[in-house]
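The values are calculated or read from the model by the stated rules, or taken from the named source; none is laboratory data. If you're wondering where the values come from, they're calculated on a predicted model, not measured in any experiment. Please note: Cβ atoms are built from the backbone with ideal geometry, for glycine as well, and neighbour counts cover all protein chains shown. Heads up: the accessible areas ignore ligands, DNA and RNA and are worked out on the full protein's heavy atoms, side chains in. Shrake-Rupley method; radii C 1.70, N 1.55, O 1.52, S 1.80 Å.
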Amino acid sequence: DFGAFLDSTLDRVADGALFAGATLYFAWVAEDRLYTALCLVILVMGSVTSYARAKADHLRYDAKVGIAERPDRLVGFLVPAFFADVLDLPWLLEAAV
């Protein structure tokens, strides 16, 4: 039980770190208010999604639906972000967001 708790907690920390980094990039480097706001929305909604699922499980509701699982979302963000940096193509990071 503790391992499952620790794993899910660290997943939220990792998600937060990724999108906090993207938020800082768009706020300081790109100076793009739209993408800064979008990253903040993603950051908040990631936390709300995990809270809603945990609360639904606690109340014995089925909340295991969605468009993409966490690994899909991470790959969909990290791969374009990597190539945006390596190839100096900042529009790839915007596309990932």
Env charge @ Ala84, Cβ radius under 15 Å, K,R +1 / D,E -1, value -4
For the pair Arg70 and Ala20, how long in nm is the line joining their label points, each one 7 Å along Cα→Cβ? 1.7 nm
How would you classify the stretch 32-78 from its alpha-carbon gyration tensor, with a ≥ b ≥ c the square roots of the eigenvalues: rounded for a/c under 1.5, else prolate if a/b is greater than b/c, otherwise oblate? oblate
Could you tell me the distance between the Cα centroids of the stretch 12-44 and the stretch 68-97, to the nearest Å? 13 Å
Going by alpha carbons, how many degrees (0 to 90, nearest 10) lie between the helix axis of 33-58 and the longest principal axis of the chain? 10 degrees
What is the extension gain from Asp85 to Ala56, computed as 0.36 nm multiplied by their sequence separation minus the C-alpha to C-alpha distance, in nm to one decimal? 6.6 nm
Matching label, Cα Rg over 2.2 N^0.38 Å computed from the structure shown, candidates [x] 1.26; [y] 1.09; [z] 1.21: [z]
Please compute the net charge surrounding Tyr51, taking Lys and Arg as +1 and Asp and Glu as -1 over other residues with Cβ under 14 Å from its Cβ. 0
Computed [θ] at 222 nm, deg cm²/dmol, the chain (DSSP H ≥ 4; -39,500 (n - 2.57); rounded to nearest 500): -25500 deg cm²/dmol
Dimensions of the stretch 1-45 along principal axes (Cα, Å, largest first)? 43, 17, 6
Using only the alpha-carbon atoms, how far is helix 70-86 inclined from the longest principal axis of the chain? Give it as 0 to 90 degrees, nearest 10. 20 degrees
Cut-off 11 Å between beta-carbons: net charge of the residues surrounding Tyr25, Lys and Arg +1, Asp and Glu -1: -4
Accessible area of the chain belonging to carbon and sulfur atoms, whole % at 1.4 Å probe: 66 percent
Given a cut-off of under 8 Å on Cα pairs at least six residues apart, what relative contact order in percent is computed for the chain? 19 percent
